[in-house]
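Novice: Have a look at this one before I ask anything.
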Amino acid sequence: MDKAQYREPGDSLRVTVRSLLEKFRDQVSPARKGARWETVRINSFLKHADFVERRLDQLQSDDLRAWRDERLKTVSGASVNRELNLLSGVFSHAIKEWSVPLRDNPVHLVKRPPGGKPRRQRWSEDQIQDLLRAIEFDESKRPIRGRDYVGWAVLLAIETAMRLGELCSLHVADVNLAERYVVLHDTKNGDGRHVPLSTRAGDLLAKLIERKGPKERVFPVVSESLGLYFREARDKAGLHGVRFHDTRHEAATRLSKKLANVLELSAVTGHRSLQSLKIYYNPKAQELAAKLD
């Protein structure tokens with residue numbers, strides 16, 4: 001009080017965690033990247049987590065630790081860490097933007113579970129061909145329905161290291177075939193980037209944008225739907241352990257053979273740090289051995 005740092009808690013600490021989460025979900029999440037999954041996670045907290053009924057002035061870190069331990073019985077440590085990150089973000093926002101006089105962010109006092117090893121799955125050429133056969137992919141035929149775009153998306157992702165959402169955000173006007181690059185205006189990390197195109201990628205895109213106007217989308221389907229169509233095709237091909245995002249691992253590893261400079265490679269993939277890039281660069285021992293000749 002002598003330092004003029006004391007603030008009367010008033011009613012702001014008497015609201016429940018539920019009210020805080022609902023306010024964040026309704027006012028903050030819609031403008032953020034990943035809003036859909038953030039909303040899903042917040043709604044899961046509201047439905048299943050006992051601590052949401054606590055008032056802020058009664059919430060203890062022990063409440064969060066109990067939730068963590070119970071959650072770990074059903075999901076991985078990595079999933080729990082993602083949920084703790086969201087909770088931490090909600091409390092930090094409340095302290096900084098809504099002047100909620102919490103002394104500390106309660107999540108900072110909770111030990112994080114081990115997150116597990118990063119996924120290093122790659123696509124083999126056999127798996128690619130199995131998928132294309134299962135969906136009867138024919139490059140000479142123009143895609144019409146949303147499901148028809150699965151094969152095109154997989155092949156382009158392996159050539160460019162673009163994410164599914166990035167592919168679905170592309171408009172025809174973003175494709176420069178003459179100079180062999182596409183423009184991504186808004187990516188996962190918030191930065192735009194220019195993605196160079198291999199000859200193969202350019203050929204695929206040329207067929208996709210043929211007879212389309214500049215404002216039309218290259219992939220006229222939302223990423224959630226295309227992801228669903230991919231999973232159906234994957235299961236049909238019997239590739240149950242493979243994910244679309246694994247194309248990014250495969251692409252980064254393939255591109256590294258052409259771009260030995262890690263700065264050039266990161267410019268293509270969009271990674272900000274070498275540590276992040278290393279997660280996606282997954283060479284086989286045989287591939288490295290071939291370079292030692």
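Residues are listed down the side, and each one gets a yes or a no for (1) outside any helix (DSSP H, G or I); (2) modelled with pLDDT of 95 or more:
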| residue | (1), (2) |
| --- | --- |
| Leu21 | no, yes |
| Phe24 | no, yes |
| Lys33 | yes, no |
| Arg36 | no, no |
| Leu46 | no, yes |
| Asp57 | yes, no |
| Asp69 | no, yes |
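Novice: Are any residues in the stretch 208-266 at pLDDT below 90 and charged (D, E, K, R), and if so, which ones?
Specialist: Once the filter is applied, which keeps residues that are at pLDDT below 90 and charged (D, E, K, R), the stretch 208-266 yields Arg248, Glu250, Arg254, Lys257, Lys258, Glu264.
Novice: Just checking, how many residues over the stretch 73-100 are touching a helix residue (DSSP H, G or I) at 6+ places or on another chain (Cβ under 7 Å) and closer than 16 Å to Val28 by Cα? If you could, list the steps in order and put the result at the bottom.
Specialist: Keep residues of the stretch 73-100 that are touching a helix residue (DSSP H, G or I) at 6+ places or on another chain (Cβ under 7 Å), which gives 80, 83-84, 86-88, 90-91, 93-94, 100.
Adding the requirement that they be closer than 16 Å to Val28 by Cα leaves 86-88, 90-91, 93-94, 100.
Number satisfying all stated conditions: 8.
Novice: I would also like to ask the following. Any chance the stretch 120-133 includes a residue that's free of Cβ contacts under 8 Å to residues at least 40 places away in the same chain, surrounded by 14 or more Cβ atoms within 10 Å (Cβ to Cβ), of a type outside the set (Gly, Ala, Ser) and out of contact with any Phe, Trp or Tyr (no Cβ under 9 Å at 6 or more places or on another chain)?
Specialist: Filtering the stretch 120-133 down to residues free of Cβ contacts under 8 Å to residues at least 40 places away in the same chain leaves 124-126, 128-129, 132.
Retained after the next criterion (residues that are surrounded by 14 or more Cβ atoms within 10 Å (Cβ to Cβ)): 128, 132.
Still in the running and of a type outside the set (Gly, Ala, Ser): 128, 132.
Subset that is out of contact with any Phe, Trp or Tyr (no Cβ under 9 Å at 6 or more places or on another chain): 128, 132.
So far as the stretch 120-133 goes, yes, one or more of its residues are free of Cβ contacts under 8 Å to residues at least 40 places away in the same chain, surrounded by 14 or more Cβ atoms within 10 Å (Cβ to Cβ), of a type outside the set (Gly, Ala, Ser) and out of contact with any Phe, Trp or Tyr (no Cβ under 9 Å at 6 or more places or on another chain).
The values are calculated or read from the model by the stated rules, or taken from the named source; none is laboratory data. The shown structure was predicted, so the numbers you read here are calculated from the model rather than taken from an experiment. Positions of Cβ are backbone-derived with ideal geometry, glycine not excepted, and every protein chain shown enters the neighbour counts.
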